[in-house]
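Chemist: The structure under discussion is supplied below as structure tokens; questions concerning it will follow.
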Amino acid sequence: MGHSSIKSLYKSLSPKFMKKIIRENRIKFIKRNYIDNYIVGKHLRHVLLSRDIDLVIDVGANGGQFARLLRSKAGYKGPILSFEPQPHMFSQIQEQARKDPDWKVFNLGIGSSASVLTLNVMRSNVFSSFLQPKDGLLSDLNEVVETVEVPVARLDAHLKSLNVKYRNILLKTDTQGYDLEVIKGAEGILDDVQAIVAELSFVQIYEGAPRHTDMMSCFTAMNFTMSGLYPVSLSHGQAIECDCIMVKAKESAVKDHMPYIDVLV
């Protein structure tokens, strides 16, 4: 093998070259978000099992991503109650839920009181919110293209009306800046909530949205502690939003230590 051939082979095997190939063809190799969904899914599986969760409440279901993650990556087979106020997105998850008898969906917003609120439907549907978007970062996606009036209920009252049997709840809330209102409307069931999955904002992209410090103060006051923190998006290496997994605090003994890597295998 000639010198030029060896040099060419070395280049093709170099980390920099391989990284370039993977970045350019990653959708061909693996589906978008496969790796982060795998990691978060495994983490959620550990939480679901360790906290004996028998009911998942999915507030701000959007296109049903969280429910699908629970089924495909976390191995959760129990009941899921999903709430999505945006009519178009609700029709999508309603169609999906028809194939899953333990997945119930509701065209309803969740807040601190029963009311009717104006939902801002954004250019990218994942950013739709009861709050007004701020100018600046993500303005190309987080722009109001439509508004719709939607019914809003307290979570504790609505759950009571369903007469659902459960012991331990995992509450997921992703409402684009409205999560503290969701928590306020869940006060009647918080004793039964063993885990919370929420999105923390490190950069405000909505008017009046709580900062990550506000959210963490709320969780701490409710006796929840950190289990995992996963970046959703970045700007110059700085977190814009992160998915946060919180669990109800328990006293730990010496032998309770578990390396994080054990969650992933």
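The values are calculated or read from the model by the stated rules, or taken from the named source; none is laboratory data. This one's a predicted model, so the numbers in the text were calculated from it and none came from an experiment. Every residue, glycine as well, gets a Cβ built from its backbone with ideal geometry; the counts of neighbours run over all protein chains shown. SASA here: full protein model, heavy atoms, side chains in, ligands and nucleic acids out. Shrake-Rupley method; radii C 1.70, N 1.55, O 1.52, S 1.80 Å.
Chemist: Expressed as a whole percentage, what fraction of the accessible surface of the chain belongs to carbon and sulfur atoms when a 1.4 Å probe is rolled over the protein heavy atoms? Walk me through the numbers before you get to the answer.
Modeler: On the way: 8200 of 14970 Å².
Reported share for carbon and sulfur atoms: 55 percent.
Chemist: Could you let me know the centre-to-centre spacing of region 147-218 and region 229-256, using Cα atoms, in angstrom?
Modeler: Here the two parts' Cα centres lie 17 Å apart.
Chemist: Right, here's the next one. Nearest 5 percent is fine: what portion of the DSSP beta bridges confined to the chain is antiparallel?
Modeler: Numbers: 27 of 47 bridges.
Roughly 55 percent of the beta bridges in the chain run antiparallel, per DSSP.
Chemist: Show me, for region 99-115, the HN-Hα J-couplings you get by feeding each phi into the Karplus relation (A = 6.51, B = -1.76, C = 1.60, θ = phi - 60°), rounded to Hz, glycine and proline as x.
Modeler: Karplus values, whole Hz, x for Gly and Pro: 8, 10, x, 9, 10, 9, 10, 9, 7, 8, x, 10, x, 7, 8, 6, 6.
Chemist: By the scheme Lys and Arg +1, Asp and Glu -1, what is the net charge of all other residues having a beta-carbon under 15 Å from that of L138?
Modeler: The answer is -4.
Chemist: Roughly speaking, what is the stretch gain from R123 to K184, that is 0.36 nm per residue apart minus the C-alpha to C-alpha distance, in nm to one decimal?
Modeler: 19.1 nm
Chemist: Using +1 on the beta carbon of Lys and Arg, -1 on that of Asp and Glu, and nothing else charged, what's the dipole of region 111-236 about the Cα centre, debye to 20?
Modeler: With Lys and Arg at +1 and Asp and Glu at -1, about 400 debye.
Chemist: I'd like the accessible area for R167: 1.4 Å probe, protein heavy atoms, all chains in place, Å² to the nearest 10.
Modeler: R167 has an accessible surface of roughly 130 Å² with all protein chains in place.
Chemist: Next up: Nearest 10 degrees, 0 to 90: what angle lies between the long axis of helix 212-221 and the longest principal axis of the chain (Cα atoms)?
Modeler: So the inclination is approximately 50 degrees.
Chemist: Given a 1.4 angstrom probe, what's the average accessible area per residue across the chain, in square angstrom? Walk me through the intermediate numbers first.
Modeler: Details: 14970 Å² over 265 residues.
In whole numbers, the chain has 56 Å² accessible per residue.
Chemist: Let me have the 222 nm mean residue ellipticity of the chain computed from DSSP H runs of 4+ only, each contributing -39500 (n - 2.57), with the sum over all residues rounded to the nearest 500.
Modeler: -10000 deg cm²/dmol
Chemist: Using modelled amide H (1.01 Å from N, peptide plane; none on Pro or chain starts), what sits under 5 Å from the amide H of S124, excluding residues fewer than 5 places away?
Modeler: Residues meeting the amide H criterion: E143.
Chemist: Roughly what would the spin-label model give for K42 and V254, points 7 Å off Cα along C-beta, in nm?
Modeler: 2.9
Chemist: Further, regarding this structure: For the residue pair E143 and N168, what label-to-label distance in nm results when each label sits 7 Å from Cα along the Cα-to-beta-carbon direction?
Modeler: 4.7
Chemist: Note the angle between two axes, namely the Cα long axis of helix 3-13 and the longest principal axis of the Cα atoms of the chain, as a number of degrees from 0 to 90, rounded to the nearest 10.
Modeler: The angle comes out at about 10 degrees.
Chemist: While we're looking at this one, here's another question. I'd like the orientation of helix 34-50 relative to the chain: the angle between its Cα long axis and the longest Cα principal axis, in ° from 0 to 90, rounded to 10.
Modeler: 50
Chemist: May I ask which of K165/K250; K184/K255; K73/K248 have a Cα-Cα span longer than 26 Å here? Can you show the working numbers first?
Modeler: On the way: K165/K250 24 Å; K184/K255 36 Å; K73/K248 23 Å.
Beyond 26 Å between Cα atoms: K184/K255.
Chemist: Something else now. What ranking, highest mean first, results for peptides 141-148, 44-51, 196-203, 237-244 when packing means the other Cβ atoms within 10 Å averaged over each residue?
Modeler: Going by the mean number of other Cβ atoms within 10 Å, highest first, we get 196-203, 44-51, 237-244, 141-148.
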